[in-house]
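The values are calculated or read from the model by the stated rules, or taken from the named source; none is laboratory data. Just so you know, these numbers come straight off a predicted model, no measurement behind them. For neighbour counting, all protein chains shown are included, and Cβ atoms are generated from backbone atoms with ideal geometry for every residue, glycine included. Each accessible area value is taken on the protein alone, full model and side chains, heavy atoms only, with ligands, DNA and RNA left out. Shrake-Rupley method; radii C 1.70, N 1.55, O 1.52, S 1.80 Å.
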Amino acid sequence: MFAGPRSLCLILALAISGCDMPRDVEGTTEAIATAGTIRIGLAENSGKTTQDDAQLVSRLITRLERKTGAHAQITRATSEPLLLDLEAGELDLVIGSFAAKTPWVKRVSFAPALATHPRGEASLELKAAGRNGENRWISLIERESRAVAKEAGTP
Amino acid sequence: MTYDHLPQELRAPMHRAVRLEYWNIFWSTSVVIVMGLVMGQSQAMKTAWVEDLLALVPPIAFLVAARLESTADHSPRFPFGMRRANSLGFFVAAVSLFAIGALMLFESASTLLKQEHVTIGTIELFGQSIWLGWLMLGAQLYSLIPPIFIGNRELPLSNTLQDKLLHTDALMNKANWMTGAAGMAGVAGLGLGYWWADSLAAALISLDIVHDGFKAMKASSAELVDGAPRALDSDGIAEDAAIAVGLLRIAYPDAEVRMRETGRFIKLEVKGARPEDARSPLDIDLPRPWRIDDIAFIPDPIPGLGD
């Protein structure tokens, strides 16, 4: 009954050690490198975007461009259509202000917030979202978001 | 805890089994903490965590049953003592095992059907962004080790003690390390870009756990409703019980011979005969003679109490 755990662990260890992880399920990182463009959706915020927020978004995009060697191709719209496009793989990244407890958290992957704005008992977070399962691309977005937030002194 | 209520040959194994279960709880709790710290949003990791949590049920049930068995004296409220506490614990452990398998099967099948792509992001540790998958793999690897060692030690003890609760815990430990291995394969598969890897691995393994759990549930239910004693690892009749009943039927061919299990012990009834009615000498020689708790003779119908 307990035969085989050692061999199983060995196979797993060999498989894992020889691999470059994580990779994307749908290959977003490679597609960006091949196409030379990052398809970014910027969620319009009814004119309430502050100067500071715009600078943070710009810094994040610049960092991602530098890391991937690709240029940003920006689409502006309201957040829902952009998130649907992201989910369908029509966009690589969506940046905007989202409720800290947005129900989209199950359908897309949000990176750490670049800035947080309290709204009564709730709060709005300026943050980037990637497509679920694109683990290499999401790891990059998260790393760069943390770096931008750190530079800006976001707690 | 003393084990004076047990036959001499079972006292030392029982002491070892109790000590082993305390270790089991200690290591299982450490696994629950480690897995809880790194589970993130991964459904597979959450399932594995719930499974690790449920894995605490059989050792706790075993220790509670062992204490009840050892401390509860026969009393007017419990005239037969607490020997069946073990049977109840066996049922609880069997249901937990089945629940784990069913939970895993549901979660993995649902992920496969919905084609959900699980995200494993990064975590900041000591100023560095580290892919959470590496921590999950480490935690899963750690979670494999205690159940392999503990399960391997429980199996021979459960056989010596004829303890189905302990045997079910060994199955639980098997389920644990198999789930851990499936979780590792799943996280590694996700890391390599195969979204279906962990759900498929989990679904296949959960089928085996559901099968073990169902088998244990059947045997434990049989014990609770006075079914004939079942074998330790199957739903078949226990060999020693079958031998004892066979010998009694030869000795008392006109009587009805019945048997049931009370924890690790077997109770036999010969209905319609007295001990001195034996047609041949009654010499029940079993590999584990202590298993026969008592043989009750019910000579004739008692007037006013039906047959």
> How much net charge surrounds residue A:55 when only the other residues with a Cβ under 14 Å from the Cβ of residue A:55 are counted, with Lys and Arg +1 and Asp and Glu -1?
Replying inline: -1
>> Using 10 Å bins from zero, what percent of all Cα-Cα pairs in the protein assembly as shown falls into each bin?
In response: 4, 17, 21, 17, 13, 10, 8, 5, 3, 1, 0
> Considering only protein heavy atoms and a 1.4 Å probe, what is the carbon-and-sulfur percentage of the accessible area of region A:24-152?
Replying inline: 47 percent
> How much mean residue ellipticity at 222 nm does chain B get from its helices, if each DSSP H run of length 4 or more adds -39500 (n - 2.57) and you divide by all residues, to the nearest 500 deg cm²/dmol?
Replying inline: -21500 deg cm²/dmol
> Using modelled backbone amide H atoms (1.01 Å from N, in-plane), which distant-in-sequence or interchain residues come within less than 5 Å of residue B:230's amide H?
Replying inline: B:238
>> Going by Cα centres, region A:110-155 and region B:229-306 are how many Å apart?
In response: 72 Å
> With the other protein chains left in place, how much accessible area per residue, in square angstrom, belongs to region B:14-114 at a 1.4 angstrom probe?
Replying inline: 49 Å²
>> With just the Cα atoms defining each centre, how far is region A:60-91 from region B:1-64? Give it in Å.
In response: 48 Å
> If R0 is 25 Å, what FRET efficiency do you get for residue A:152 and residue B:112 from their C-beta distance, rounded to 0.05?
Replying inline: 0.05
>> Sort A:120-133, B:178-191 by the packing proxy (mean of other Cβ within 10 Å over each peptide's residues), most packed first.
In response: B:178-191, A:120-133
> Using the Cα gyration tensor of region A:99-155, with a ≥ b ≥ c the square roots of its eigenvalues, what is the shape: rounded (a/c below 1.5), prolate (a/b larger than b/c) or oblate (neither)?
Replying inline: oblate
> If you line up the Cα atoms of region B:97-215 on their principal axes, what length do they span on each, largest first, in Å?
Replying inline: 52, 37, 17
>> Give me the inter-chain shielding for B:188-198: mean count of other chain Cβ atoms within 10 Å, whole number please.
In response: 5
> Which whole-Hz couplings ³J(HN,Hα) result when phi for each residue of region B:266-279 is put into the Karplus expression 6.51 cos²θ - 1.76 cosθ + 1.60, θ = phi - 60°, listed in order with x for Gly and Pro?
Replying inline: 10, 10, 10, 10, 10, 9, x, 7, 10, x, 6, 7, 4, 7
> Excluding residue B:124 itself, what net charge comes from residues whose Cβ is under 13 Å from its Cβ, given Lys and Arg +1 and Asp and Glu -1?
Replying inline: +1
>> Out of the total accessible area of chain B (probe 1.4 Å, heavy atoms of protein only), what percent is carbon and sulfur?
In response: 63 percent
> Residues of region B:171-186 losing 50 Å² or more of accessible area relative to the isolated chain, 1.4 Å probe, heavy atoms only?
Replying inline: B:177
>> Quick check of the Kirkwood formula: for region B:8-224, what is the inverse mean of 1/r over all pairs of different Cα atoms, in Å?
In response: 18.1 Å
>> Tell me the total accessible area that B and A bury against each other, 1.4 angstrom probe, in square angstrom rounded to 100.
In response: 2600 Å²
> Under a point spin-label approximation (7 Å from Cα along Cα-to-Cβ), what is the residue A:33-residue B:15 distance to one decimal in nm?
Replying inline: 6.4 nm
>> For Cα pairs less than 8 Å apart in space and 6+ apart in sequence, what is the mean separation divided by the residue count of region B:187-307, i.e. the relative contact order in percent?
In response: 18 percent
> Taking the simple approach of a point 7 Å from Cα along Cα-to-Cβ for both residue B:159 and residue A:78, what is their distance in nm?
Replying inline: 7.0 nm
> What's the local net charge at residue A:110, with K and R +1, D and E -1, over the other residues with C-beta under 10 Å away?
Replying inline: -1
> Antiparallel DSSP bridges in region A:24-152: what percent, to the nearest 5?
Replying inline: 60 percent
> Going down the list B:114/B:174; A:106/B:114; B:218/B:271; A:67/A:101; A:127/B:46; A:106/B:46, which pairs span over 20 Å between their C-alpha atoms?
Replying inline: B:114/B:174; B:218/B:271; A:67/A:101; A:127/B:46
>> Inside 10 Å of the C-beta atoms of A:129-142, what's the mean count of C-beta atoms belonging to other chains?
In response: 5
> If you wrap region B:239-298's Cα atoms in a convex hull and average its projection over all directions, what's the area in nm²?
Replying inline: 3.6 nm²
>> What does DSSP give for the protein assembly as shown in terms of the percent of beta bridges that are antiparallel, rounded to the nearest 5?
In response: 65 percent
> How would B:269, B:116, A:90 line up by accessible area, probe 1.4 Å, largest first?
Replying inline: A:90, B:116, B:269
>> Please compute the average number of Cβ atoms from other chains found within 10 Å of each residue's Cβ in peptide B:284-293.
In response: 0
> What is the set of long-range amide H partners of residue A:99 at a cut-off below 5 Å, with H atoms built 1.01 Å from backbone N?
Replying inline: A:125
